[in-house]
Amino acid sequence: MQRSSSHTRGHRRWVRICHWLSAVAFLTLAVSGFLILMVHPRLYLGHAGNDLMPALLTLPISNNYRPDELHSRVTFTNVPGAPVTAERNFHIFNQNGWARSLHFLAAWILVVVGAIYVAAGFVSRHIPATLIPRGRELAPRALLQDLKNHLRPVAGATGAGPPYGLLQKLAYTCVILVILPLMVATGLTMSPAVTASYPFLLDVFGGYQTARTIHFFGFAALGLFLLIHVAMVIATGFGRQLRAMTLGN
Amino acid sequence: MQQQRRVPRRVFIKGLASSAGVLLAGCTPTDPPTYGNVLRMGDLLTYKAHRLLLPAHSLAREYDYSDISSVPAIGTTNPADPDKSFYSREHGPVYEQLLANRFADWRLVVEGSVARPHAFSLDELQRMPSRTQITRHTCEEGWSAIAQWTGVPLRAVLEAAGIRSSARFVQYYAYDGWVDGIDMLDALHPQTILAYGMNGRDLPISHGAPIRLRVEKQLGYKSMKFLMRIVVTDHFDDHGRRGLIQNGWSWYAGI
């Protein structure tokens with residue numbers, strides 16, 4: 001019954017509440033973010049990037065990029081390679097009215113819940129004690145061994161909650177302390193009002209479009225994490241894990 | 001023990017809920033209405049947070065001449081053309097006549113909460129002190145472009161019209177039927193200009209000739225093209241069914 005011990009099996013109540021609130025906010029962010037990306041499915045580096053400029057990557061997720069249908073091309077100066085303008089007179093898929101607002105609503109929830117979680121996680125020593133791998137755990141041989149364990153069919157079912165395996169610790173630490181903060185920072189770098197006040201954000205990430213591109217790859221990494229996370233939950237007993245994360249043990 | 005713990009928690013939650021209600025309901029006439037829509041409540045929260053937390057007088061980044069990029073023209077590309085999007089039956093034919101006369105008869109009406117309402121000609125605006133800035137246009141769709149804009153600061157125009165101290169918002173109307181508004185913090189911002197020049201040329205028709213607004217600390221859709229009329233108001237005006245909010249968009253787009 002000693003709930004305060006970090007090595008007791010099961011998830012603590014505040015961890016469970018934060019987990020499910022974050023899960024709902026995360027899924028909302030993923031869906032709305034994908035809808036926003038569909039409106040302009042091209043990624044660039046630097047500060048400027050649009051249909052008249054070359055892209056780093058054009059994703060086949062919508063029919064909004066139709067360079068052949070841009071009309072009335074005009075060059076601003078006679079210098080070769082000078083900037084041009086052209087008209088886009090066709091309708092594109094655009095649900096950003098609600099998708100953007102929903103994205104930021106979910107972002108507010110995730111930021112608040114995430115801040116509470118990280119603060120509580122360090123105050124209670126949950127994060128340093130159970131999530132962050134110790135230095136000696138990170139030996140290449142230990143990593144390789146844990147990877148092998150994961151590739152084998154699950155031998156003995158492990159308990160729900162801490163203590164966690166090495167790769168599990170790395171994945172959680174990476175998502176909570178690296179990728180999600182990076183998503184917030186690159187998200188803020190896409191805000192004209194925020195970057196007017198804090199222009200260093202544009203320099204840190206190398207421009208508005210680079211921040212947007214990093215934001216996309218962060219989304220891809222989080223999506224991959226979610227897939228593996230759910231796969232591991234299923235592999236180690238879906239119902240049992242779900243109950244543990246909802247009701248405790 | 002349990003009983004004692006519950007009471008303060010309930011009081012705390014109640015207090016939290018009521019303060020959130022005050023914040024989200026937009027109880028003053030100077031806040032964008034939410035119509036009970038949870039998305040608009042989120043927009044309002046972002047607006048309030050930006051106004052509370054961000055330094056008010058910071059400037060959007062200005063770029064070098066060599067950073068100027070190509071820029072697509074989207075939305076309305078010619079208000080005189082009934083075959084294109086956002087044609088206004090009311091204002092389209094008027095714009096066609098103004099265009100035929102190279103905007104010699106174009107006037108920007110500035111009225112509302114001002115001491116001296118006035119209709120500014122293009123020539124009049126171009127003779128006022130100008131500001132040139134190379135800034136990034138950030139479209140809500142996700143693309144961006146860098147261009148050089150030349151124009152007269154909106155602040156100078158509002159002061160010339162004798163803006164009243166009670167003024168809180170600036171509403172603007174365009175020849176393609178679009179209407180929108182900004183608060184006084186953005187309206188008086190030094191980079192908020194009525195632009196008549198783009199990349200050293202007259203503003204092209206597809207980019208809002210003869211004059212478009214530049215609101216550099218918000219997304220591109222606030223920088224309205226084809227300006228027709230400016231109305232200074234003491235209260236928030238969401239423009240009803242013609243405005244952004246009732247069409248499902250965020251009024252504040254500082255993001």
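The values are calculated or read from the model by the stated rules, or taken from the named source; none is laboratory data. Fair warning: this is a prediction, and the values are worked out from it, not measured in the lab. Every residue, glycine among them, receives a Cβ derived from its backbone with ideal geometry; neighbour counts consider all protein chains shown.
Of the residues making up segment B:38-57, those that are modelled with pLDDT under 95 and small (Gly, Ala, Ser) number 1. Residues that are aliphatic (A, V, I, L, M) and in contact (Cβ under 8 Å) with a residue 24 or more places away in the chain within segment A:200-230 comprise A:202, A:211, A:214, A:221, A:222, A:226, A:228, listed in sequence order.
The single condition from (1) at positive phi; (2) within 14 Å of chain B (Cβ to nearest Cβ) that residue A:10 fails is (2).
Okay, residues lined up against (1) crowded, with 17+ Cβ neighbours inside 10 Å; (2) hydrophobic (A, V, I, L, M, F, W, C); (3) touching a His at 6+ places or on another chain (Cβ under 9 Å):
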{"residue": "B:111", "(1), (2), (3)": "no, no, yes"}
{"residue": "B:114", "(1), (2), (3)": "yes, yes, no"}
{"residue": "B:127", "(1), (2), (3)": "no, no, no"}
{"residue": "B:154", "(1), (2), (3)": "yes, yes, yes"}
{"residue": "B:158", "(1), (2), (3)": "yes, yes, no"}
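When the residues of segment B:237-255 are filtered to those that are free of Cβ contacts under 8 Å to residues at least 24 places away in the same chain and away from chain A (no Cβ under 11 Å), the one that is nearest to residue B:113 (Cα to Cα) is B:240. Return the residue satisfying two criteria in turn: it lies in segment B:57-80 and is more than 9 Å from chain A (Cβ to nearest Cβ) and not in a helix (DSSP H, G or I), and of such residues it is surrounded by the fewest Cβ atoms within 10 Å (Cβ to Cβ). Only one residue tops the list, namely B:64.
The single residue among A:82, A:120 that is of a type outside the set (D, E, K, R) and either assigned to a helix (DSSP H, G or I) or facing chain B (nearest Cβ under 8 Å) (or both) turns out to be A:120.
Within segment B:108-131, if we keep just the residues that are more than 19 Å from the chain's Cα centre (by Cα) and in a strand (DSSP E or B), the residue that is farthest from residue B:195 (Cα to Cα) turns out to be B:118. Contact map, segment B:97-112: residues that are within 11 Å of residue B:226 (Cβ to Cβ) paired with residues that are charged (D, E, K, R), Cβ distance under 6 Å, separation 6+ or inter-chain. Pairs shown: B:98/B:105. Name every residue in segment A:13-34 that is surrounded by 20 or more Cβ atoms within 10 Å (Cβ to Cβ) and either in contact with a Lys or Arg (Cβ under 9 Å, 6 or more places away or on another chain) or at pLDDT below 95 (or both), in order of residue number. Residue satisfying the conditions is A:32 alone.
The residue of segment A:85-112 that is nearest to the other protein chains (Cβ to nearest Cβ), among those that are in contact with an Asp or Glu (Cβ under 7 Å, 6 or more places away or on another chain) and in a helix (DSSP H, G or I), is A:101. Within segment B:201-236, the set of residues being of a type in the set (Phe, Trp, Tyr), more than 11 Å from chain A (Cβ to nearest Cβ) and surrounded by fewer than 24 Cβ atoms within 10 Å (Cβ to Cβ) comprises just one member, B:236. The residue that is nearest to residue B:157 (Cα to Cα), among those in segment B:198-219 that are among the small types (Gly, Ala, Ser) and out of contact with any helix residue (DSSP H, G or I) (no Cβ under 9 Å at 6 or more places or on another chain), is B:208.
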